[in-house]
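A short write-up of the structure that comes next.
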Amino acid sequence: MAKNDYYATLGTARDASADDLKKAYRKQAMQFHPDRNPGDKAAEAKFKEVNEAYEVLKDEQKRAAYDRYGHAAFENGGAGAGGFDFSQAGGLGDIFDQMFGDFMGGRRGGGGGRATRVGGDIRANIEIDLTEAFFGTKATIKVQTRVNCDACDGTGSEGKDRAASDTCTTCGGMGKVRAQQGFFLVERSCPTCGGTGRVIRNPCRVCHGAATVPRERSLQITVPSGVEDGTRIRLTGEGEAAGAGGQAGDLYVHIAIRPHQIFQRDGATILCRVPLRISQAALGGEIEVPVIDGSRAKVKIPAGTQSGEQFRLRSKGFSVLRSAARGDMYIQVAVETPQHLTRRQRELLEEFEQEATQHAKGSPEAEGFFAKMKEFFDGKS
Ligand SMILES: [Zn+2]
Ligand SMILES: [Zn+2]
């Protein structure tokens, strides 16, 4: 069977650094991981291929041999002989540590194989007004979480004695178990001890040995000025507690910004549509417009302004995150046709209309249109 080039498999250049190889490998391995592609034989084959490629290229000597001789370097008793050896210790553990680290936010893993209990991450959503996003705000959120059990001081043990535990026999104290899942070894948190590596001899009556209890917590969060819709704020260690000596999870707060009734925001730019009477648009003048910071601004409208025209107000736009700068505001005018005319308005407009038909100059769009219409009826186009 012809083998694919190892570098092509990982999607890297032949002179890729060890770091680049590792990154490329992790990306590919995550994509084709069987947990993400259950029952997909093609993904499984690809995953195997990716692992084989990395197993060779991460080793300087094997890589040098491969660069020189290609796959032939391993044809007689090398890494490729008889299929890839997945039971090989070391490599696999690394892969899974890395992968689980990635899946869970990149901070797990702990040092040197000792089990560390890690609390779960929690997610909270808040909705704020556009003006709150402009000025920045403080918000109080309530989250359903787990906190360390008071009765046992987070030890999970009646009598608060952390030493009163035995090494978990399921995982041998590692906190993780490996299971053969078809072709692959899968590592996961030990179901017996919940990842602590220890089984409590005399569990706490309140938390039943869990070391944590469910509780609602109130938290105040600071939303910075200039925040975007969809921003996620991470509060490290404000997630679920993990018992004494454990590492609490994180709290992720997702911020949604309610649409505003006057302003539309695009990054640091604000757009505001302002209606204009036909007489204002024709005669010109000054209008007053609202600004997101609560102030008012004046805008000069030149005579003969068309509907849809925009006027820029420098630095009257949205706040820029982590900066004192502000974007611009654009006023887009919409010339509005009046309805429900008074008798006098009607008279004036009728007079205006009479004058306009005799004096068509000054309506550029109409002039252009009627010229084209004439050509159309004359058969020119
Ligand atoms: Zn265990
Ligand atoms: Zn307890």
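The values are calculated or read from the model by the stated rules, or taken from the named source; none is laboratory data. Not measured: the values here are computed from a predicted model. Cβ coordinates were reconstructed from backbone atoms using ideal geometry, including for glycine residues, and neighbour counts include every protein chain displayed. Side chains are part of the model used for accessible areas, which takes the heavy atoms of the whole protein and leaves out ligands, DNA and RNA. Shrake-Rupley method; radii C 1.70, N 1.55, O 1.52, S 1.80 Å.
For the stretch 129-231, with every protein chain kept in place, what is the accessible area per residue (1.4 Å probe, Å²)?
Per residue, the stretch 129-231 has an accessible area of 56 Å².
Assuming R0 = 51 Å, what is the FRET efficiency of Gln339 and Asp121, from their Cβ-Cβ distance, to the nearest 0.05?
0.35
Simple spin-label model, 7 Å along Cα-to-Cβ: Phe352 to Gln261 in nm?
With each label placed 7 Å out from Cα toward Cβ, I get 2.9 nm.
Given the pairs Lys142/Lys176; Lys22/Lys48; Lys138/Lys298; Lys22/Lys46; Lys41/Lys176; Lys142/Lys316, which are separated by over 25 angstrom at their Cα positions?
Lys142/Lys176; Lys138/Lys298; Lys41/Lys176; Lys142/Lys316
Which three semi-axes in whole Å describe the equivalent ellipsoid of the stretch 1-56, each the square root of 5 times a Cα gyration tensor eigenvalue, listed largest first?
Computed over the stretch 1-56, the values are 20, 13, 7 Å.
Computed over the Cα atoms of the stretch 199-338, what is the ratio Rg over Rh, Rh following Kirkwood?
With Rh from the inverse mean 1/r over Cα pairs, Rg/Rh is 1.33.
Compute from the Cα atoms of the stretch 274-345 the Rg and the Dmax, the latter being the longest Cα-Cα distance, and quote both in angstrom.
Using the Cα atoms of the stretch 274-345, the pair Rg, Dmax is 15.1, 56 Å.
How much of the accessible area of the chain, in percent, comes from carbon and sulfur atoms when a 1.4 Å probe is used?
Carbon with sulfur: 49 percent of the solvent-accessible area.
Figure the gain on full extension for Lys58 and Val186 (residue separation times 0.36 nm, minus the Cα-Cα span) and round it to one decimal in nm.
43.9 nm
Sorted by average packing, counted as other Cβ atoms within 10 angstrom per residue and highest first, what order do 319-325, 4-10, 287-293 take?
4-10, 287-293, 319-325
Charges on Cβ only, +1 for Lys and Arg, -1 for Asp and Glu, centred on the Cα centroid of the stretch 147-216; of Gly209, Val199, Phe184, which one is farthest towards the dipole's positive end?
Towards the positive end, the residue furthest out is Phe184.
Quickly rank 331-338, 296-303 as a protection proxy: mean count of other C-beta atoms within 10 Å, highest first.
Answer by packing, highest mean first, reads 331-338, 296-303.
May I ask you to list the residues of the stretch 1-30 whose amide nitrogen lies under 17 Å from a point 7 Å from Cα along the Cα→beta-carbon direction of Ala45?
1-6, 9-10
Size of the stretch 229-299 along its principal axes in angstrom, Cα-based, largest extent first?
75, 18, 16
With r as the distance between the Cβ atoms of Asp20 and Glu365 and R0 = 51 Å, compute the FRET efficiency 1/(1 + (r/R0)^6) and round to 0.05.
Calculated value: 0.30.
Report the full-extension gain for the segment Thr269 to Lys138: residue separation times 0.36 nm, less the Cα-Cα distance, to one decimal in nm.
That pair, Thr269 and Lys138, stretches by 44.8 nm at full extension.
Rank-order 39-49, 146-156 by packing density, defined as the average count of other C-beta atoms within 10 Å over each peptide's residues, highest first.
Descending packing order for the listed peptides: 146-156, 39-49.
Per the chain: cysteines with no other Cys C-beta under 4.7 angstrom?
Among the cysteines of the chain, those whose Cβ sits 4.7 Å or more from every other are Cys272.
Given the chain, report the % of alpha carbon pairs whose separation exceeds 39 Å.
The share of Cα pairs beyond 39 Å in the chain comes to 53 percent.
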